[in-house]
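Undergrad: Take a look at this one; I'll ask things after.
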Amino acid sequence: MSDEAMQVAVLGGGSFGTALASIAADNGARVRQWLRDPALAAQINREHCNGRYLPDYAMNPAVVASTEMAEVLEGAQLVLVAIPSKAFREVVRQARPWLHAAQILVSTTKGIQEEGFKLMTQILEEETGFPHIGVISGPNLASEIAQKQLTATVIASDDPETRTWVQTALGCDYFRVYANNDRYGVELGGALKNIYAIAAGMAAALGMGENTRSMLMTRALAEMSRFAVDQGANPMTFLGLAGVGDLIVTCSSSLSRNYRVGQALGEGRTLDEAIEALGQVAEGVNTVRLVRDKARQDGVYMPLAEGLYQVLFEGVPARDMARMLMLGEQSSDVEFILSREDVQQAHRDSGGQDG
């Protein structure tokens, strides 16, 4: 890495992409940000503010916004792709003519593509075939980052160069960047926790207490890691920022979009009404359906995801779903210590019941 200013491109004009663009500029990088909306790009350049997503955040004035992909990507050494999962592949394809193999390509998106159950870095690999690919994930509420509250994130890649570049570009006194080489586990954790944030919001709206919330989060962590390990992730990743760290913040904060959707559902609104009231993408809604279907296909036990699916897509009232979950089986606590199968066998041997 040379002493010259790093050149960073951020694709996406949402809250997290905007915060990362400004952090990189604060660290001395030359930063360009791509947006679809000409009016929003003009506002960033004129007022150094993203009025739609972070209206109270004073961006570093060195960030230059543009709707021209070629202009944004020219000379970029690090490219942060902060695009919602539904449009992620489309935007990467749009960017592809100006991308090259020496660049560091990093997804900041917590979602799953329906076709083929693909994570965003897998899409980056498929569309580019480049070697330097990573993902940023963790307990990162953009509004708190904008307030420069102490925050930590994870850069996950099996490529040391990718990890180093991102730590250099974004690490500062209030935004700490930790490294991990389990890219799949970190990325899957970021997508899965959105499911359980919806459940936590529902629980809050139903008046459930702190004991219930604690139980919900720890059972969610067990469910997340069970699914991720079945898909090839390292269970230890879920003890870190991208697992339990991200789960805690999204299950505890009304700043989380997914939490707010769950809250609206718990108050008796329909899914359409909840999404309309939010006014932004809540990745967890689509993730519930994808993960529930994948878990059924692969035979992974995921009662929380199944229950949420019934509330979101089959019209089961949130209160009824909560009651059904409490009647579910009492199995093992930490499956990597005592397996669910061993507990079930012990029940059968003693003539007891799973429930």
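Undergrad: Considering only the stretch 142-171, state which residues are more than 28 Å from PHE130 (Cα to Cα), open to solvent by 20 Å² or more (accessible area, probe 1.4 Å) and not in a helix (DSSP H, G or I).
TA: Scanning the stretch 142-171 gives GLN147, LYS148, GLN149, LEU150.
Undergrad: Restricting to the stretch 110-135, what's the tally of residues that are closer than 20 Å to ILE195 by Cβ, in contact (Cβ under 8 Å) with a residue 40 or more places away in the chain and open to solvent by less than 70 Å² (accessible area, probe 1.4 Å)?
TA: Of all residues in the stretch 110-135, those closer than 20 Å to ILE195 by Cβ come to 110-122, 135.
Narrowing further to those that are in contact (Cβ under 8 Å) with a residue 40 or more places away in the chain: 110-112, 114, 117, 119-121, 135.
Restricting the remaining residues to those that are open to solvent by less than 70 Å² (accessible area, probe 1.4 Å) gives 110-112, 117, 119-121, 135.
Summing the residues that are closer than 20 Å to ILE195 by Cβ, in contact (Cβ under 8 Å) with a residue 40 or more places away in the chain and open to solvent by less than 70 Å² (accessible area, probe 1.4 Å) in the stretch 110-135 gives 8.
Undergrad: Now for a different question. Looking only at the stretch 49-66, how many residues end up being in contact with a helix residue (DSSP H, G or I) (Cβ under 6 Å, 6 or more places away or on another chain) and touching a residue at least 40 places away in the same chain (Cβ under 8 Å)?
TA: Of the residues in the stretch 49-66, 6 are in contact with a helix residue (DSSP H, G or I) (Cβ under 6 Å, 6 or more places away or on another chain) and touching a residue at least 40 places away in the same chain (Cβ under 8 Å).
Undergrad: Based on this model, can you work out whether ARG176 counts as at pLDDT 90 or above, farther than 17 Å from GLU283 by Cα and either touching a Lys or Arg at 6+ places or on another chain (Cβ under 8 Å) or not aromatic (Phe, Trp, Tyr) (or both)?
TA: yes
Undergrad: Let me ask something additional. May I ask you to verify whether VAL186 is within 22 Å of VAL291 (Cα to Cα), touching a helix residue (DSSP H, G or I) at 6+ places or on another chain (Cβ under 9 Å), open to solvent by less than 10 Å² (accessible area, probe 1.4 Å) and not in a helix (DSSP H, G or I)?
TA: Taking the combined requirement at face value, the residue does not satisfy it.
Undergrad: Of the residues LYS110, LYS86, only one is touching a helix residue (DSSP H, G or I) at 6+ places or on another chain (Cβ under 6 Å) and among the basic types (Lys, Arg); which?
TA: LYS110
Undergrad: Also, I was wondering about something else. Where residues in the stretch 290-305 are part of a helix (DSSP H, G or I), in contact (Cβ under 8 Å) with a residue 40 or more places away in the chain and within 13 Å of ILE195 (Cα to Cα), which of them is most open to solvent (accessible area, probe 1.4 Å)? Walk me through how you get there before you give the answer.
TA: From the stretch 290-305, those part of a helix (DSSP H, G or I) are 290-298, 303-305; that's our starting set.
Now narrow it down to the ones that are in contact (Cβ under 8 Å) with a residue 40 or more places away in the chain: 290-291, 294-295, 298, 303-305.
Then drop every residue that is not within 13 Å of ILE195 (Cα to Cα), which leaves 290-291, 303-305.
Values: LEU290: 14, VAL291: 0, PRO303: 43, LEU304: 19, ALA305: 1 Å².
It comes out as PRO303.
Undergrad: Being touching a residue at least 40 places away in the same chain (Cβ under 8 Å), closer than 17 Å to VAL300 by Cα and not small (Gly, Ala, Ser) is the filter; apply it to the stretch 193-224 and report the residue that is most open to solvent (accessible area, probe 1.4 Å).
TA: ARG219
Undergrad: Quick one: in the stretch 1-57, which of the residues that are more than 19 Å from LEU73 (Cα to Cα) and aliphatic (A, V, I, L, M) is least open to solvent (accessible area, probe 1.4 Å)?
TA: LEU54
Undergrad: Which of the residues belonging to the stretch 272-289 are touching a residue at least 12 places away in the same chain (Cβ under 8 Å), over 22 Å from PRO139 (Cβ atoms) and open to solvent by 30 Å² or more (accessible area, probe 1.4 Å)?
TA: ILE275, ALA277, ARG289
Undergrad: When you look at TYR178, is it of a type in the set (Ser, Thr, Tyr), in a strand (DSSP E or B) and surrounded by fewer than 24 Cβ atoms within 10 Å (Cβ to Cβ), yes or no?
TA: yes
Undergrad: Going by what's in this entry, would ALA264 be described as touching a residue at least 24 places away in the same chain (Cβ under 8 Å) and either farther than 19 Å from SER15 by Cα or crowded, with 16+ Cβ neighbours inside 10 Å (or both)?
TA: Yes; evaluated as a whole, the condition is true for this residue.
The values are calculated or read from the model by the stated rules, or taken from the named source; none is laboratory data. Note that the coordinates shown come from a computational prediction; the quantities given were computed from them, not determined experimentally. Glycine also receives a Cβ, built like all others from the backbone with ideal geometry; neighbour counts cover every protein chain displayed. Just the protein is used for accessible areas: all its heavy atoms, side chains included, with ligands, DNA and RNA removed. Shrake-Rupley method; radii C 1.70, N 1.55, O 1.52, S 1.80 Å.
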